[in-house]
Amino acid sequence: MNGSRTQPALRGHGRRAGPRSGPRWLCLIAAALSLAGSCGGRRKVIDPVFPDGGLLRDAEPLGQPAIARLAGLYSFPRVAPRLRGPVVAHDAPGTLSLFGAPDSAMAILRAGCLDGGARLVMEGVWRLPREATVGLIRLFVGPEATARALCAGDAASLEGVDLASTTLEFATGEDADVPTDALVATWQRARKDPEGRFLFGAHRGACRTIDDCGVSENSVASIRRAEAFGASFVEIDVRRTLDGVPILYHDDTFTPRLSSGTYCHGPVAEFGFAHVRALCTLKYGEPVPTLDEALAAAIDDTTLRGAWLDVKTVDSIEPAVAASKRFGAAAAAKGRRFVVVVGMGTQELVDAFVALGPPDVPCLVELEPADVRAAGCAWWGPRWTRGPMTADVGALQAEGRGVVYWSLDESEYIDAFLTLGHPNALLSDRPGLVRQRFEVLDVPLPAEVTP
């Protein structure tokens with residue numbers, strides 16, 4: 001999303017929103033915007049690695065069903081130095097991720113079995129994205145009976161795992177230091193939403209380029225990593241090149257903020273696609289992807305539920321609609337539950353979408369509820385600075401539509417919008433933090449939306 005976009009109609013929402021739209025709410029917004037602009041002086045972050053491949057070098061990789069069995073909420077008997085809890089354990093293909101709060105603490109681990117399945121070890125990297133702090137993490141799953149059952153991996157063994165007695169025995173370290181700070185997390189309960197009715201959106205992929213997570217925003221690599229960062233869908237930005245190829249890029253101009261290349265400067269719309277590929281790379285060296293490449297990777301290489309196409313220009317509406325149809329059909333043919341939603345943030349984009357005829361693709365409008373209805377869309381995407389707008393949210397949900405606020409990164413604001421607005425989804429640069437807050441708070445499950 002374009003964080004600098006001026007909302008077209010704020011009139012009246014302050015009156016309906018009541019006290020939360022008054023001075024306190026405005027002060028919270030001002031504080032958040034101040035935090036968002038205070039990232040100067042961040043050090044460059046490089047993920048550390050275990051010497052000689054760590055213990056996983058000689059381990060038998062753990063199967064995905066066993067990793068999924070460990071998903072849930074865990075608690076610590078004392079304050080954890082880095083992953084303050086409760087901590088959500090979230091399974092993604094090949095990884096188990098841990099998400100804490102309130103500082104967006106997270107860890108991404110891979111798992112393997114040692115000593116013939118008697119020990120189950122996980123190793124990876126923990127990070128505090130806001131502070132650009134990282135380190136190594138290693139944990140063992142206990143007791144031994146649980147480790148053996150998970151390593152056996154068959155359905156009967158997994159069903160017999162006693163989750164109530166399961167523990168995660170941690171050791172963490174700073175930067176590349178070998179982990180030594182030890183603590184134990186214990187199983188608390190299963191996830192409240194195993195069917196995934198609430199959706200967690202990753203803003204421009206797994207993380208923003210400025211977060212130094214090892215991949216660039218709006219890259220194929222970032223889409224592939226989004227699930228490990230807590231997402232169930234991705235939001236990506238769509239523009240067209242001079243010769244009509246839809247690509248992923250947020251800004252309207254190639255600059256060193258998001259891309260590299262001696263001659264990679266100037267309006268995106270003035271570059272032919274061959275020139276984009278020849279002259280430009282993203283900040284971590286990835287090619288600027290086409291929309292087709294991005295959606296193909298999301299369908300073939302992830303288990304994500306969908307993609308929100310944040311269409312940036314009027315001439316990108318038609319190819320975005322075509323891509324939604326084509327890749328929606330491709331996902332269905334593969335038996336994948338994957339939806340490509342065409343998103344529109346200006347009246348000009350909505351008009352161009354409506355001009356194509358009756359909507360036959362999933363769509364989202366960021367303007368007013370009336371605009372969502374007029375465009376025939378199932379989704380409303382209001383910007384968070386407008387407040388929760390609870391009455392409008394409830395009215396749209398009563399019609400079978402869904403609401404996704406964008407983009408919320410601080411736990412205080414995530415909590416407010418979850419508890420006051422009761423949306424169907426949140427879009428965030430920290431989808432793992434949203435997962436943690438959703439699990440901890442008493443938030444009712446929304447009805448599932450059919451695009």
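The values are calculated or read from the model by the stated rules, or taken from the named source; none is laboratory data. All figures in this text were calculated on a predicted structure; none of them were measured in a lab. With ideal geometry, Cβ positions are generated from the backbone for all residues, glycine too; neighbour counts draw on all protein chains shown.
Taking the range 193-226 as the region of interest, how many residues are modelled with pLDDT of 90 or more and either of a type in the set (A, V, I, L, M) or in a strand (DSSP E or B) (or both)?
Looking only at that region, the number is 11.
Kindly evaluate LEU396 against the criterion of being in a loop (DSSP other than H, G, I, E, B), assigned by TED's automatic domain parsing to the domain that holds SER222 and in contact with a helix residue (DSSP H, G or I) (Cβ under 6 Å, 6 or more places away or on another chain).
Values: in a loop (DSSP other than H, G, I, E, B): no; assigned by TED's automatic domain parsing to the domain that holds SER222: yes; in contact with a helix residue (DSSP H, G or I) (Cβ under 6 Å, 6 or more places away or on another chain): yes.
In short, no.
Tell me which of these THR95 doesn't satisfy, since it passes every other one: (1) out of contact with any helix residue (DSSP H, G or I) (no Cβ under 7 Å at 6 or more places or on another chain); (2) buried (at least 21 other Cβ atoms within 10 Å of the Cβ).
The failed condition is (2).
Taking the condition modelled with pLDDT under 95 and polar (S, T, N, Q), does THR146 pass? Break it down stepwise before answering.
On the way: modelled with pLDDT under 95: no; polar (S, T, N, Q): yes.
Here the answer is no, as THR146 does not meet what is asked.
Please work out if GLU217 is on the phi < 0 side of the Ramachandran plot and surrounded by fewer than 17 Cβ atoms within 10 Å (Cβ to Cβ). Can you show your working first?
Values: on the phi < 0 side of the Ramachandran plot: yes; surrounded by fewer than 17 Cβ atoms within 10 Å (Cβ to Cβ): no.
The answer is no for GLU217.
Any idea which of ALA374, ALA307 is surrounded by fewer than 24 Cβ atoms within 10 Å (Cβ to Cβ) and of a type in the set (Gly, Ala, Ser)? Break it down into steps so the answer makes sense when it comes.
Details: ALA307 fails: surrounded by fewer than 24 Cβ atoms within 10 Å (Cβ to Cβ).
ALA374 is the lone residue from the list that is surrounded by fewer than 24 Cβ atoms within 10 Å (Cβ to Cβ) and of a type in the set (Gly, Ala, Ser).
Considering only the range 373-388, state which residues are part of a helix (DSSP H, G or I), of a type in the set (A, V, I, L, M, F, W, C) and either closer than 17 Å to HIS422 by Cβ or not assigned by TED's automatic domain parsing to the domain that holds ILE414 (or both). Show your work before the answer.
Going residue by residue through the range 373-388, those that are part of a helix (DSSP H, G or I) are 373-375, 384-386.
With the extra rule that they be of a type in the set (A, V, I, L, M, F, W, C), the set shrinks to 374-375, 384.
Selection gives TRP384 alone.
Does PHE353 count as farther than 16 Å from PHE233 by Cβ and touching a Cys at 6+ places or on another chain (Cβ under 9 Å)? Please lay out each step first, then the result.
Values: farther than 16 Å from PHE233 by Cβ: yes; touching a Cys at 6+ places or on another chain (Cβ under 9 Å): yes.
The answer is yes for PHE353.
Inspect all residues belonging to the range 236-245 and state whether any of them is crowded, with 16+ Cβ neighbours inside 10 Å, in a loop (DSSP other than H, G, I, E, B), in contact (Cβ under 8 Å) with a residue 60 or more places away in the chain and not hydroxyl-bearing (Ser, Thr, Tyr).
Residues of the range 236-245 crowded, with 16+ Cβ neighbours inside 10 Å: 236-241, 245.
Restricting the remaining residues to those that are in a loop (DSSP other than H, G, I, E, B) gives 241, 245.
Those still in the list that are in contact (Cβ under 8 Å) with a residue 60 or more places away in the chain too: none.
No: the range 236-245 contains no residue that is crowded, with 16+ Cβ neighbours inside 10 Å, in a loop (DSSP other than H, G, I, E, B), in contact (Cβ under 8 Å) with a residue 60 or more places away in the chain and not hydroxyl-bearing (Ser, Thr, Tyr).
Which residue out of LEU426, LEU433 is within 30 Å of ARG84 (Cα to Cα) and assigned to a strand (DSSP E or B)? Lay out the reasoning, then the answer.
Numbers: LEU433 fails: assigned to a strand (DSSP E or B).
None of the others qualify; the one that does is LEU426.
Would you please name the residue that is nearest to THR303 (Cα to Cα), looking only at residues in the range 177-192 that are among the hydrophobic types (A, V, I, L, M, F, W, C) and modelled with pLDDT of 90 or more?
Initial filter on the range 177-192 (among the hydrophobic types (A, V, I, L, M, F, W, C)): 178, 182-185, 187, 190.
Filter again for modelled with pLDDT of 90 or more, leaving 184-185, 187, 190.
Working: VAL184: 30, ALA185: 28, TRP187: 25, ALA190: 20 Å.
Among those that are among the hydrophobic types (A, V, I, L, M, F, W, C) and modelled with pLDDT of 90 or more, it is ALA190.
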